[in-house]
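The structure appears below as structure tokens.
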Amino acid sequence: MRILVIEDEKKVASFIKRGLEEERYDVDVAADGQIGLNLAMANNYDAIVLDVMLPKKDGFAVVNTLRSAKIATPILMLTARGSTEDRVTGLDLGADDYLSKPFHFEELAARLRSILRRSSVEKSTKLHCGDLMLDAVSHTAFRWGKEIELTSREYSLLEYLMRNKGKIVSRSMITQHVWQYNFDPETNIIDVYIKRLRAKIEKPGSPKLLSSIRGVGYRLRESNDVASDDSDGEEE
Ligand code: CA
């Protein structure tokens, strides 16, 4: 397990590094946001511990750039005590968890173990839902033995739905995970994408996979229902 610690306060950085090394992690330390970002882009870390207040590039810019570049390395952000706004910003940008300074090393280690566990589940590369298959390495989807042509946004949406197979995902969850920013909740952009995706992954006579749960969100699941021409997949 290789961890990148991006932290400019020397004392804090070496305290984290020492502790993690005692737990047998390999640790690299970057003292500013730019160096940290370069290291994170160039290496395949298992997780990143990322301070918010950093010289050159702050922690938010780092997490934002990594997620925009589709680098999914789990990130634990270190935020100032009591700054709810920082926590929300970090999570919205794609951080996996946060820890307020000052913290006990035991808590950092526990948070890290938890995001590493989550990411090993998420890393599985072949996802299935009935006869729909998605390959998260090549970013391709197949059904009826054929590749389904998807735009990158449609692909991200489908991957998110498949990773949450059987669960209802709300529109705001989709916004956060697929668009990674917040837009006007009144916009119908998600409905438009769901409709396009449904037209590609379902056809009359094949089992229906994607349902709309009125007023709540959407759910992808294996089902024995057969999609019909006029089905709009509405469930209550
Ligand atoms: Ca700092």
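Structure above, values below:
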{"item": "Inter-residue pairs, beta-carbon under 6 Å, first farther than 15 Å from Leu78 by Cα and in the stretch 1-22, second open to solvent by 60 Å² or more (accessible area, probe 1.4 Å), 6+ apart", "result": "Arg2/Asp26"}
{"item": "Residue match in the stretch 144-153 (condition: open to solvent by 20 Å² or more (accessible area, probe 1.4 Å) and of a type in the set (A, V, I, L, M))", "result": "yes"}
{"item": "Any hit, the stretch 88-97, residues being part of a strand (DSSP E or B), free of Cβ contacts under 8 Å to residues at least 40 places away in the same chain, outside the structural domain of Arg163 (by TED's automatic domain parsing) and within 20 Å of the chain's Cα centre (by Cα)", "result": "yes"}
{"item": "Options Ser100, Ser14, Ser114; residue that is assigned to a helix (DSSP H, G or I) and either within 15 Å of the ligand (Cβ to nearest atom) or among the basic types (Lys, Arg) (or both)", "result": "Ser14"}
{"item": "Flag for Met53 being in contact with a Gly (Cβ under 9 Å, 6 or more places away or on another chain), surrounded by 20 or more Cβ atoms within 10 Å (Cβ to Cβ) and assigned by TED's automatic domain parsing to the domain that holds Ala110", "result": "no"}
{"item": "The stretch 29-80: number of residues that are under 24 Å from Glu107 (Cβ atoms) and more than 13 Å from the ligand (Cβ to nearest atom)", "result": "12"}
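The values are calculated or read from the model by the stated rules, or taken from the named source; none is laboratory data. Keep in mind that this is a model prediction, so the values were computed, not measured. When we count neighbours, we look across all protein chains shown, and the Cβ atoms used for this are built from the backbone with ideal geometry, even at glycine. Only protein heavy atoms, including side chains, enter the accessible area calculation; ligands, DNA and RNA are left aside. Shrake-Rupley method; radii C 1.70, N 1.55, O 1.52, S 1.80 Å.
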